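Undergrad: Got a structure for you, written out below as structure tokens; questions coming shortly.
The values are calculated or read from the model by the stated rules, or taken from the named source; none is laboratory data. These numbers come from a predicted model, not from an experiment. Using ideal geometry, Cβ is built from the backbone for each residue, glycine included, and neighbour counts are taken over all protein chains shown.
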Amino acid sequence: MIRVGFDWLARGSCSHPEVMTIGGGSLCAVEFPSLVGVIRHPERGVFLFDTGYDPAFIVATRPFPERFYRWTTPVRIGAAEAWQAWLAAHDIADGDIAGTIISHFHGDHVAGIAHLADRPVYCARAGLEALRRGGRIARVRRGMLDALVPPAVDAQARFFEDCPARPLPSAFAPFTEGRDILGDGSLLAVELPGHCAGHWGLALTTETGQPVLLAADAVWSGRSIAERRPPPRLTTALLGDTRRYRETLDLLSRAKEGNGGLAILPSHCLASAKAFRGDDER
Ligand SMILES: [Zn+2]
């Protein structure tokens, strides 16, 4: 694979009782950051993997029924999450961003996409269709806030399902195949079904040669993968498909056990993010 620069950065957070996110977890509320992948391709520019939270989320969840989303999932979105402030803090020039890769269309992953709606958006057709389907109440129940995703995104969408299939390097086994979204083998989208309709991760190799699998919301924490502990059925059935979710978790657990050098990064796992960055704090 062509190597790419890669940073894994928080943009806002939310809190949930831990028990909702992992079997046997505590009833205490735990903070879950929304992590954004900043991918620096050597020739094609910068690509974001998801957008994290954005002040637009607050606006989109002001009216009812969207307000229920914010009540059930309290968020922390401050001045640091404003678009230009966040870019500047991480030394990213807006004009260098060539496109966005969207794992799925839950509000905490696409809240900032309006800033990038004039550029290609790589996503699953099944995910975008789910976002546009049904009434407002049905969408909110599924964690979707379509007001965050302007119609221009539909025109800019490049669907994973239409990209050519390529074999993945053995470092990602038992995952065997990805969709080559840029056509040069550098960024391979990997379907990770179960969390919700059209849920995909991304395989890449960093500049130091480390294989990375961005796992999005296939799990909430690396502990789920290491200990093979899925969230309770109540949580997974509410948003997606429990059987397929657990099949995906099994593949992730096998990938972790079989590939010591592979970093699997869930979008809301602070411990995995810190371990990846070499940060000792927990
Ligand atoms: Zn999600």
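Undergrad: Just name the residue that is nearest to THR236 (Cα to Cα) out of those in region 195-213 that are among the hydrophobic types (A, V, I, L, M, F, W, C) and within 13 Å of the ligand (Cβ to nearest atom).
TA: This residue is CYS196.
To keep it simple, each residue is scored yes or no on (1) within 16 Å of the ligand (Cβ to nearest atom); (2) modelled with pLDDT under 95.
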site	(1), (2)
ALA173	no, no
LEU182	no, no
PRO193	yes, no
SER221	yes, yes
THR236	yes, yes
ARG246	no, no
LEU251	no, no
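Undergrad: Okay, moving on. Which of the helices (runs of 4 or more DSSP H) found entirely inside region 53-163 contain at least 2 residues meeting this: closer than 26 Å to THR235 by Cβ and within 16 Å of the ligand (Cβ to nearest atom)?
TA: Output list reads 55-60, 67-72, 107-110, 125-132, 136-141.
Undergrad: Here is a further query. What residue, of PHE175, PHE159, is within 27 Å of GLY209 (Cα to Cα) and of a type in the set (Phe, Trp, Tyr)?
TA: The match here is PHE175.
Undergrad: Of the conditions (1) farther than 21 Å from PRO151 by Cα; (2) under 20 Å from the mean Cα position of the chain (by Cα), ILE102 satisfies every one except a single condition; which number is it?
TA: Checking ILE102 against (1) farther than 21 Å from PRO151 by Cα; (2) under 20 Å from the mean Cα position of the chain (by Cα), the one that fails is (1).
Undergrad: On the given criteria, is LEU168 modelled with pLDDT of 95 or more, surrounded by 15 or more Cβ atoms within 10 Å (Cβ to Cβ) and under 18 Å from LEU204 (Cβ atoms)?
TA: Yes; evaluated as a whole, the condition is true for this residue.
Undergrad: For the list (1) out of contact with any Leu (no Cβ under 9 Å at 6 or more places or on another chain); (2) crowded, with 20+ Cβ neighbours inside 10 Å, I need the number of the one condition that ILE101 fails.
TA: With respect to (1) out of contact with any Leu (no Cβ under 9 Å at 6 or more places or on another chain); (2) crowded, with 20+ Cβ neighbours inside 10 Å, ILE101 is out only on (1).
Undergrad: Are there any pairs with C-beta distances below 6 angstrom linking a residue in region 233-253 that is under 24 Å from LEU131 (Cβ atoms) and touching a residue at least 60 places away in the same chain (Cβ under 8 Å) to a residue that is within 13 Å of the ligand (Cβ to nearest atom) and among the aliphatic types (A, V, I, L, M), with the two at least 6 apart or on different chains, and if so which?
TA: Listed by first residue and then by second, the contacts come to THR235/MET20.
Undergrad: Tally the residues that are part of a loop (DSSP other than H, G, I, E, B), more than 17 Å from the chain's Cα centre (by Cα) and farther than 30 Å from THR208 by Cα, restricting the search to region 15-52.
TA: Of the residues in that region, 7 qualify.
Undergrad: Taking ASP184 as the residue in question, decide whether it is surrounded by fewer than 20 Cβ atoms within 10 Å (Cβ to Cβ) and either farther than 14 Å from PHE105 by Cα or out of contact with any Leu (no Cβ under 8 Å at 6 or more places or on another chain) (or both).
TA: It is true that ASP184 is surrounded by fewer than 20 Cβ atoms within 10 Å (Cβ to Cβ) and either farther than 14 Å from PHE105 by Cα or out of contact with any Leu (no Cβ under 8 Å at 6 or more places or on another chain) (or both).
Undergrad: Looking at region 151-174, I want the residues that are free of Cβ contacts under 8 Å to residues at least 24 places away in the same chain and have a partner that is in a loop (DSSP other than H, G, I, E, B) and loosely packed, with under 14 Cβ neighbours inside 10 Å with Cβ atoms under 9 Å, at least 6 apart or on another chain. Which pairs are those?
TA: Once the first residue is free of Cβ contacts under 8 Å to residues at least 24 places away in the same chain and sits in region 151-174, its partners that are in a loop (DSSP other than H, G, I, E, B) and loosely packed, with under 14 Cβ neighbours inside 10 Å give PRO164/GLY183; PRO167/THR176.
Undergrad: Among VAL38, VAL19, which is surrounded by fewer than 21 Cβ atoms within 10 Å (Cβ to Cβ), closer than 26 Å to GLY222 by Cα, in contact with a His (Cβ under 7 Å, 6 or more places away or on another chain) and not acidic (Asp, Glu)?
TA: VAL38
Undergrad: Then there's this: Suppose we filter PRO74, PRO55 for residues that are more than 30 Å from GLU191 (Cβ to Cβ), modelled with pLDDT under 95 and within 20 Å of the chain's Cα centre (by Cα); which single one remains?
TA: PRO74
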